[in-house]
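This report refers to the structure that appears directly beneath it.
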């Protein structure tokens, strides 16, 4: 289906329902449709044509949702940009996708000149902030005010939604970012898969809070699901635990999506006890593993919430596997399901294969491969990388896992993160779970570092909880109660914060640099 179809349905069935809440602005679905149709007409008036690419560099806001809807409405393609990138990285993406127009808000308008210098194709700058429009830019509000609403151009295309909706760039944690081509069909099917997992997940009376960056595909999945159901969108520009708690209490938020690092900050926030969070009924988490100890604390802090884990990647429109809410409860916990990434999402096929793409026996470790209607069309301008990733029609994730007899997938690590220590394979995720369960540990990451005797040794990088201490002996004594001795960290490093990508993933490449930068062999 087309990306905007669910929006038309919501406007038709509940035109006066609140669609967006941002700062002090509240807009109904009818008002949102009028703004989107006028903005799309404004884009066309500026010369944006079918299949042109229009980028967005901005913090979360109601304008971001209007961009998501207006660009395909005009027949163009989306390019949401990671706002944590450098000017050079942003320029690379804009040139790679040949974007002709770029939306910027107040935060990024000062970078406009530098971006134009770095770009070959961008010829239109659209200001979507709340202040005075900078010279040389076109104000988004002027485009809306000065143009009559146009018909939705995307509906004249294939009803199956095979056309490209946008170019979504990967996080770039394993190399130069790739532009992932995702169709209307892929993005909408991914959202529908999550809606199918629970009767009240992203329903028509949902109030969904955008905490994760809206440029990231995980939040785009939440955006799409709320559009399809006709729920209400609440936007926060950036993640701050106290602001999240204020928004939950003020707007009676029911649904949200976040990464484990955000979840941890939220449940550790001193202001939590003073806020009413009883309205929260669904919490979706993913992008990186969450320790069982963190989930225990989160479920206690948000007692009315059902928790869902999503496993996936940009190349499968964010969702490959889902761990449903009931598997987080006593029976699922007793069977060890909380340690899994769940089972294949609706309409998705998941297999564990060897290096020849032969399916592995249940319980044997191999690579996760995925196929289904949410699969990408390929990488922009990278046919060789596309052929490798989509070999035999399956997305090769590079993640190592095993599957149990009931189809639950247990991720052990990314292949690149596997440590070979003294001839033994050590999977970082298993060690991280053991380290994270120590009462002094707030967050952690495990990497392999060079060792003269072992080749590589297991090294833990740890952020401590305030007022606590931890040394090597105490950590190892704790870990040995959970994992084999050869898997325990042989060294540790304490830091104030782990380096994170825009998608909320730990940048292990940054943690490895001091140890591997002068060696020929790299652990990437």
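The values are calculated or read from the model by the stated rules, or taken from the named source; none is laboratory data. The model shown is predicted, which means the values in this text are computed figures rather than measured ones. Virtual Cβ from ideal backbone geometry, glycine too; neighbours counted across all protein chains shown.
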Original post:
Is at least one residue of the range 435-443 surrounded by 19 or more Cβ atoms within 10 Å (Cβ to Cβ), modelled with pLDDT of 95 or more, within 23 Å of the chain's Cα centre (by Cα) and assigned to a loop (DSSP other than H, G, I, E, B)?
Top reply: no
Subject >> Selected residue (only one of 106, 142, 113, 117 is in the same structural domain as residue 165 (by TED's automatic domain parsing), in a helix (DSSP H, G or I) and at pLDDT 95 or above) >> reply: 142
Original post:
For the subset of the range 400-432 comprising residues that are part of a helix (DSSP H, G or I) and touching a helix residue (DSSP H, G or I) at 6+ places or on another chain (Cβ under 7 Å), which member is nearest to residue 370 (Cα to Cα)?
Top reply: 417
Original post:
Somewhere in the range 40-51, is a residue modelled with pLDDT of 95 or more, touching a helix residue (DSSP H, G or I) at 6+ places or on another chain (Cβ under 9 Å) and outside any helix (DSSP H, G or I)?
Top reply: yes
Original post:
In this structure, does residue 397 turn out to be part of a helix (DSSP H, G or I) and at negative phi?
Top reply: no
**OP:** Go through (1) part of a loop (DSSP other than H, G, I, E, B); (2) crowded, with 17+ Cβ neighbours inside 10 Å; (3) at pLDDT 90 or above and name the single condition residue 469 misses.
**Re:** (2)
Original post:
What do you reckon, is residue 83 assigned by TED's automatic domain parsing to the domain that holds residue 165 and assigned to a loop (DSSP other than H, G, I, E, B)?
Top reply: yes
**OP:** Hey, can you tell me all the residues within the range 1-32 that are over 18 Å from residue 184 (Cβ atoms), within 26 Å of the chain's Cα centre (by Cα), assigned to a helix (DSSP H, G or I) and touching a residue at least 60 places away in the same chain (Cβ under 8 Å)?
**Re:** 29
Original post:
Out of all the residues in the range 386-404, which are surrounded by 14 or more Cβ atoms within 10 Å (Cβ to Cβ) and farther than 15 Å from residue 353 by Cα?
Top reply: 386
Subject >> Of the criteria (1) at pLDDT 95 or above; (2) touching a helix residue (DSSP H, G or I) at 6+ places or on another chain (Cβ under 9 Å), which one residue 265 fails >> reply: (1)
**OP:** With the checklist (1) touching a strand residue (DSSP E or B) at 6+ places or on another chain (Cβ under 7 Å); (2) closer than 20 Å to residue 68 by Cα in hand, flag the one item residue 178 doesn't pass.
**Re:** (2)
Original post:
In the range 333-379, what residues are in contact (Cβ under 8 Å) with a residue 40 or more places away in the chain, surrounded by fewer than 21 Cβ atoms within 10 Å (Cβ to Cβ) and in a loop (DSSP other than H, G, I, E, B)?
Top reply: 346, 347, 360, 362, 363, 365, 373, 377
Subject >> Test for residue 322: is it in contact (Cβ under 8 Å) with a residue 60 or more places away in the chain, buried (at least 18 other Cβ atoms within 10 Å of the Cβ) and outside the structural domain of residue 311 (by TED's automatic domain parsing) >> reply: no
